[in-house]
Amino acid sequence: MIKGEKTGIRAVERDDLQLLRDWRNIASFRRNFREVNELNMLNQEIWFENVTKSANDFMFVICDLKTSQPIGACGLLYINWIIRSADFSFYIGENESYIDNNGYAQDSAKLLIEYGFKNLNLNKIWMELYEFDTEKINFFTKEFNFKKEAELRDNCYEEGRYWNSFIISLLRNEYK
């Protein structure tokens, strides 16, 4: 386990799959993910097999250090080893928080960013966020200095209308 002040991140285990599925199926979360379909255990099993075999995907469970209980998930995905970039995946599932105000999100995001830059030697960590996902956009741009890099017009369909998405990123030399 990689430990921070409040949280730790550890590899996903098969025993985590039901909890991860349940968090991913929270409607208010799912609308923010590229995979918008309700997931079943077969979907989770296939995802787990693919992620654990991949040299380009690093998924973690976020745990509360005091209780050792899982509280969320995060990962560095679709790593491009030539340009040293990765897609950042992140949410706090406990209490349907998404991004919490208790410092867990800040601590675990910091752990994963530092792991990406210091251990994987990444140069860029990026994510695609829909324009209505203001909670996550504000969190990563204000707390970690992610920059808005691109806008993809009408890139999501939700609530009967099209929405733009943003690519935000953090370069190693911009990290505090």
**OP:** Inspect segment 36-54 for any residue being of a type in the set (D, E, K, R) and either touching a strand residue (DSSP E or B) at 6+ places or on another chain (Cβ under 7 Å) or buried (at least 16 other Cβ atoms within 10 Å of the Cβ) (or both) and give the result as yes or no.
**Re:** no
Original post:
Which one of these is under 20 Å from ASN37 (Cα atoms) and of a type in the set (Ser, Thr, Tyr): TYR175, TYR130, TYR104, TYR78?
Top reply: TYR130
Original post:
Does GLY93 fit the bill of being more than 27 Å from TYR157 (Cβ to Cβ) and of a type in the set (Gly, Ala, Ser)?
Top reply: no
**OP:** Give segment 58-78 a look and list any residue that's farther than 14 Å from LYS3 by Cα and free of Cβ contacts under 8 Å to residues at least 40 places away in the same chain, or say none.
**Re:** GLY75, LEU77, TYR78
**OP:** Taking the residues in segment 138-148 that are part of a helix (DSSP H, G or I) and touching a residue at least 24 places away in the same chain (Cβ under 8 Å) as candidates, determine which candidate is surrounded by the most Cβ atoms within 10 Å (Cβ to Cβ).
**Re:** PHE140
**OP:** Working carefully through the options SER54, SER28, find the one that is free of Cβ contacts under 8 Å to residues at least 60 places away in the same chain and among the hydroxyl-bearing types (Ser, Thr, Tyr).
**Re:** SER54
Original post:
With respect to the numbered conditions (1) of a type in the set (D, E, K, R); (2) surrounded by 14 or more Cβ atoms within 10 Å (Cβ to Cβ); (3) touching a helix residue (DSSP H, G or I) at 6+ places or on another chain (Cβ under 9 Å); (4) not in a helix (DSSP H, G or I), which one is the sole condition not fulfilled by ASP87?
Top reply: (3)
Original post:
Limited to segment 96-137, what total is found for residues that are in a helix (DSSP H, G or I), within 30 Å of ASP154 (Cβ to Cβ), out of contact with any Leu (no Cβ under 8 Å at 6 or more places or on another chain) and touching a residue at least 40 places away in the same chain (Cβ under 8 Å)?
Top reply: 1
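The numbers here are math on the coordinates, done by the rules we state, and not lab data. Worth saying up front: this structure is predicted, and the values here are computed from it rather than measured. Cβ sites come from the backbone with ideal geometry, for glycine too, and all protein chains shown count toward neighbours.
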